[in-house]
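Single-structure report; data block below.
The values are calculated or read from the model by the stated rules, or taken from the named source; none is laboratory data. None of the values given here were measured: they were computed from a predicted structure. No Cβ is skipped: glycine too gets one built from the backbone with ideal geometry, and neighbour counts run over all protein chains shown.
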Amino acid sequence: MKKKALVTGGAGFIGSHICDYLLGRDFKVYCVDNLITGSLENVEHIRSSDFVYINHDITRFIEIKDDIDLIFHFASPASPIDYLQLPIQTLKVGALGTHNILGLAKTKRAKIILASTSEVYGDPKVHPQTEEYWGNVNPVGPRGVYDEAKRFAEAMVMAYHRQHGLDTYIVRIFNTYGLRMRKDDGRAIPSFIIQSLEGRDIAVFGDGSQTRSFCYISDMVEGIYRLINSDYHLPVNIGNPEEMSILELAKTIKSLTGSKSKIVFQELPKDDPMVRRPDITKAKKILNWQPMVGFREGIIKTVEWFKQTIKK
């Protein structure tokens with residue numbers, strides 16, 4: 001019998017790629033999204049009787065009549081521009097939404113994986129970040145609505161695992177990029193690409209010395225799928241440990257696009273992390289996973305996709 005999966009936030013950037021991946025493995029997929037930051041354009045290419053889209057806000061009770069084997073809980077605003085504009089919705093989906101989806105997983109006896117984030121580490125004092133690091137988060141700062149929503153969601157997932165014996169998994173996602181990113185979501189890669197292609201100034205926050213580690217979307221989805229099929233229930237970092245400064249990123253994108261744009265510097269946002277790099281020892285050992293797509297290869301693919309998007 002065909003296996004069934006439910007993806008919350010399934011019309012979002014990562015969620016839509018998970019839907020593709022699961023359909024390619026002969027799953028029936030239920031995509032749940034209220035489109036607050038997702039878009040039906042991300043799943044419009046899917047023409048399958050095994051794909052069911054449900055417009056629903058998971059902070060409200062959800063019922064699925066079918067059996068469900070796997071649940072990928074990816075619903076949440078995830079970029080600073082989104083969660084700063086939607087602070088209460090971000091907190092509610094992390095708390096009420098996670099509670100509702102865990103309840104569904106319990107009813108269906110389904111495996112469930114939570115999309116957590118490297119932001120649980122805050123502005124880290126440990127570098128690179130291991131899963132054992134508890135983080136340095138400002139709970140009352142502007143970014144706290146996202147950071148603490150995910151930290152609470154992790155705690156709730158572990159409570160359901162320990163109290164109810166639920167098969168739960170937690171992926172701590174580090175900066176991911178690729179096709180279907182929103183050009184206006186405020187993240188560095190889409191912002192720099194669009195600014196370069198349109199000949200506008202490339203806006204770098206601070207002096208650009210802060211670092212990030214970027215993982216291509218296909219590598220991320222592969223790691224997520226391997227994790228939900230493992231027997232490891234504590235958080236696992238999935239990301240690419242290749243670290244670079246934001247200024248280096250801006251220069252690379254400017255060069256690859258052949259842009260004449262100027263790089264300009266703007267004020268660093270409050271509580272913006274100065275470093276970010278995953279320790280992926282656990283992912284390598286437990287999942288036999290490591291990123292396969294090099295940064296230059298992934299960025300070239302992403303730039304080409306944005307060129308086509310702009311033409312449309």
Residue match in region 225-247 (condition: more than 18 Å from the chain's Cα centre (by Cα), within 18 Å of Gly186 (Cβ to Cβ) and either surrounded by fewer than 18 Cβ atoms within 10 Å (Cβ to Cβ) or of a type outside the set (S, T, N, Q) (or both)): yes
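For (1) without any contact (Cβ under 8 Å) to a residue 12 or more places away in the chain; (2) within 27 Å of Gly103 (Cβ to Cβ); (3) among the basic types (Lys, Arg), each residue gets a yes or a no:
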residue	(1), (2), (3)
Met156	no, yes, no
Tyr169	no, yes, no
Arg180	no, no, yes
Asp185	no, no, no
Ala203	no, no, no
Criterion: free of Cβ contacts under 8 Å to residues at least 60 places away in the same chain, closer than 25 Å to Leu40 by Cβ and surrounded by 24 or more Cβ atoms within 10 Å (Cβ to Cβ) - qualifying residue of Leu114, Leu86: Leu114
Top-ranked residue of region 145-181 - restricted to ones that are part of a loop (DSSP other than H, G, I, E, B) and in contact with a Pro (Cβ under 8 Å, 6 or more places away or on another chain), ranked as nearest to Ala283 (Cα to Cα): Phe174
Search result, residues across region 271-288 that are within 19 Å of Phe214 (Cα to Cα), touching a residue at least 60 places away in the same chain (Cβ under 8 Å) and either out of contact with any Cys (no Cβ under 9 Å at 6 or more places or on another chain) or assigned to a loop (DSSP other than H, G, I, E, B) (or both): Asp272, Pro273, Met274, Val275, Arg276, Arg277, Asp279, Thr281, Lys282, Ala283
Positions within region 248-284 being among the aliphatic types (A, V, I, L, M) and within 17 Å of the chain's Cα centre (by Cα), in sequence order: Ile280, Ala283
All positions within region 254-270 that are in a loop (DSSP other than H, G, I, E, B) and under 25 Å from Tyr146 (Cα atoms): Glu267, Leu268, Pro269, Lys270
Region 53-64, residues that are more than 15 Å from Gly12 (Cα to Cα) and aliphatic (A, V, I, L, M): Ile62, Ile64
Hits in region 3-50 (condition: touching a Cys at 6+ places or on another chain (Cβ under 7 Å) and either not assigned by TED's automatic domain parsing to the domain that holds Thr98 or not in a loop (DSSP other than H, G, I, E, B) (or both)): Val7, Cys19, Val29, Cys31
Single residue of region 253-275 satisfying the filter (in contact with a Phe, Trp or Tyr (Cβ under 7 Å, 6 or more places away or on another chain) and aliphatic (A, V, I, L, M)) that is modelled with the lowest pLDDT: Leu268
Set Tyr177, Tyr121, Tyr160: member being among the hydroxyl-bearing types (Ser, Thr, Tyr), farther than 28 Å from Phe306 by Cβ, in contact with a helix residue (DSSP H, G or I) (Cβ under 6 Å, 6 or more places away or on another chain) and at pLDDT 95 or above: Tyr160
